[in-house]
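So the structure is just underneath, and the comments pick up after that.
The values are calculated or read from the model by the stated rules, or taken from the named source; none is laboratory data. Every value quoted in this text rests on a predicted model; they were computed, and no experiment measured them. A quick note on method: Cβ atoms are made from the backbone with ideal geometry, for glycine too, and the neighbour counts reach across all protein chains shown.
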Amino acid sequence: DQQVKQNSPSLSVQEGRISILNCDYTNSMFDYFLWYKKYPAEGPTFLISISSIKDKNEDGRFTVFLNKSAKHLSLHIVPSQPGDSAVYFCAASANSGNTGKLIFGQGTTLQVKP
Amino acid sequence: DSGVTQTPKHLITATGQRVTLRCSPRSGDLSVYWYQQSLDQGLQFLIQYYNGEERAKGNILERFSAQQFPDLHSELNLSSLELGDSALYFCASSEQGYEQFFGPGTRLTVL
């Protein structure tokens, strides 16, 4: 049972345009969502997060939107840069009992073309 | 650089063997998490330790075990290795709360 899903394995965009990465979840107990970026041969790098009590969080070129009724979140990157090319993972946490374990999606490979 | 270190970076061993992966968390972080990333799989949570105590368990096999020492570094022990255990193993740490910071991973190859 995959509780966090990223249905698009890959995405290709032109430099300077917007990249939109999507993530769906099924567990209504999730109260925090995170996006990580991963380059080959490196560990995931934390990008941005959002609490379930918010619907938007912005940090520079990165914005995460949360639609709780649809159990959907998205990461917008504007403008996209070639250095953004990486695998992006969506993750969720219920943090029940302060365990903090993260449930990850399968990842979306973003390619930004110059 | 996340501040989380993992050793070794690569490990090649044979089926039936036992290996130990090591993780040092960021300075001040009390929680350590272990994740496994197999081919074509997302990251799967294995186990969490908080200040030396086991806090949560995921789909960790009985052949696998972990511990966190008084200096807060952690070790993941994998025994009776099978071909299917070949994967990337990541350690992450956090102070408290949700954001976890990942190490560079250990690539385990079981031949």
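Among the residues of segment B:50-58, is any of a type in the set (Ser, Thr, Tyr) and either farther than 28 Å from A:GLN6 by Cβ or surrounded by 15 or more Cβ atoms within 10 Å (Cβ to Cβ) (or both)? Spell out how you get there, then give the answer.
Step one: of segment B:50-58, the residues of a type in the set (Ser, Thr, Tyr) are B:50.
Remaining after also requiring either farther than 28 Å from A:GLN6 by Cβ or surrounded by 15 or more Cβ atoms within 10 Å (Cβ to Cβ) (or both): B:50.
Looking through segment B:50-58, at least one residue is of a type in the set (Ser, Thr, Tyr) and either farther than 28 Å from A:GLN6 by Cβ or surrounded by 15 or more Cβ atoms within 10 Å (Cβ to Cβ) (or both).
Checking segment A:94-103 against the condition returns no match, with no residue being modelled with pLDDT of 95 or more, not aliphatic (A, V, I, L, M) and not in a loop (DSSP other than H, G, I, E, B). The set of residues in segment A:93-105 being in contact (Cβ under 8 Å) with a residue 12 or more places away in the chain, touching a Lys or Arg at 6+ places or on another chain (Cβ under 9 Å) and at the interface with another protein chain (Cβ under 9 Å from one of its Cβ atoms) consists of A:SER93, A:ASN95, A:GLY105.
One line per residue, one yes/no per condition, for (1) aliphatic (A, V, I, L, M); (2) part of a helix (DSSP H, G or I); (3) within 14 Å of chain B (Cβ to nearest Cβ):
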site	(1), (2), (3)
A:LEU47	yes, no, yes
A:ILE50	yes, no, yes
A:ILE53	yes, no, yes
A:ASN57	no, no, yes
A:VAL64	yes, no, yes
A:SER69	no, no, no
A:HIS76	no, no, no
A:PRO79	no, no, no
A:ALA91	yes, no, yes
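Give me a count of the residues in segment B:24-35 that are away from every other protein chain (no Cβ under 11 Å) and either assigned to a strand (DSSP E or B) or without any contact (Cβ under 8 Å) to a residue 12 or more places away in the chain (or both). Matching residues across segment B:24-35 total 1. So in segment B:74-100, with the set limited to residues that are facing chain A (nearest Cβ under 10 Å) and buried (at least 20 other Cβ atoms within 10 Å of the Cβ), which one is farthest from B:TYR50 (Cα to Cα)? Selected residue: B:PHE90. For segment A:86-114, filtering for residues that are of a type in the set (S, T, N, Q) and under 14 Å from the mean Cα position of the chain (by Cα) leaves 4.
Among the conditions (1) surrounded by 15 or more Cβ atoms within 10 Å (Cβ to Cβ); (2) within 10 Å of another protein chain (Cβ to nearest Cβ), B:GLN68 misses just one, which is (2). Among the residues of segment B:54-71, which ones are closer than 17 Å to B:ALA92 by Cβ and part of a strand (DSSP E or B)? Correct list: B:GLU54, B:ARG55, B:ALA56, B:LYS57, B:PHE64, B:ALA66, B:GLN67, B:GLN68.
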